[in-house]
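Contents: one structure, followed by commentary.
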Amino acid sequence: MAAIKRKHKKFRPRIRVWRRKEEQTYEEYKSMVRGKVVEEEWKYLNVNEHSQKMKKIMIMIETAQLICGISKGPCRHKETWWWNEEVAEAVREKKKKYRKWKRENSTGVERV
């Protein structure tokens with residue numbers, strides 16, 4: 001039976017919107033969006049309402065890409081949220097006890 005190959009998900013770069021939490025970045029973003037929206041409103045004064053909303057959304061996306069940047073690739077080193085010093089110590093202790101048990105049982109008679 002042939003092994004089933006898993007499809008590799010292709011990475012899609014994402015806009016780093018979390019950077020907008022920084023006050024300086026947010027202020028820069030806000031002022032740039034306002035300026036571009038005012039500029040676009042004068043260009044497309046006669047266009048219907050839906051088209052104007054779409055233009056504003058596109059302006060916001062383009063500005064976010066420019067100000068916040070785009071992610072480069074998937075995370076290389078995922079950090080486990082539950083792993084801490086307490087868990088590490090428990091694992092070390094378990095390994096130590098396992099080695100001791102293995103040593104003591106390997107010198108004795110083999111069990112059948």
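The values are calculated or read from the model by the stated rules, or taken from the named source; none is laboratory data. Computed from a predicted structure; not experimentally measured. Please note: Cβ atoms are built from the backbone with ideal geometry, for glycine as well, and neighbour counts cover all protein chains shown.
For segment 59-103, filtering for residues that are among the β-branched types (Val, Ile, Thr) and in contact with a strand residue (DSSP E or B) (Cβ under 9 Å, 6 or more places away or on another chain) leaves 2. Are any residues in segment 1-33 assigned to a loop (DSSP other than H, G, I, E, B), in contact (Cβ under 8 Å) with a residue 40 or more places away in the chain and not hydrophobic (A, V, I, L, M, F, W, C), and if so, which ones? Within segment 1-33, PRO13, ARG14, ARG16 qualify.
Are there any pairs, at least 6 apart or on different chains, whose C-beta atoms fall under 8 Å, with the first in segment 89-108 and at negative phi and surrounded by 10 or more Cβ atoms within 10 Å (Cβ to Cβ) and the second not charged (D, E, K, R) and not in a loop (DSSP other than H, G, I, E, B), and if so, which? If the second residue must be not charged (D, E, K, R) and not in a loop (DSSP other than H, G, I, E, B), no pairs are left. Flag not set for GLU79, criterion: of a type outside the set (A, V, I, L, M, F, W, C) and either modelled with pLDDT of 75 or more or over 20 Å from the mean Cα position of the chain (by Cα) (or both).
Scanning segment 57-86 for residues that are assigned to a loop (DSSP other than H, G, I, E, B) and either in contact (Cβ under 8 Å) with a residue 24 or more places away in the chain or among the aliphatic types (A, V, I, L, M) (or both) returns GLY69, SER71, LYS72, GLY73, PRO74. Here GLY73 passes the criteria (1) surrounded by 10 or more Cβ atoms within 10 Å (Cβ to Cβ); (2) within 29 Å of TYR26 (Cβ to Cβ) except the one numbered (1).
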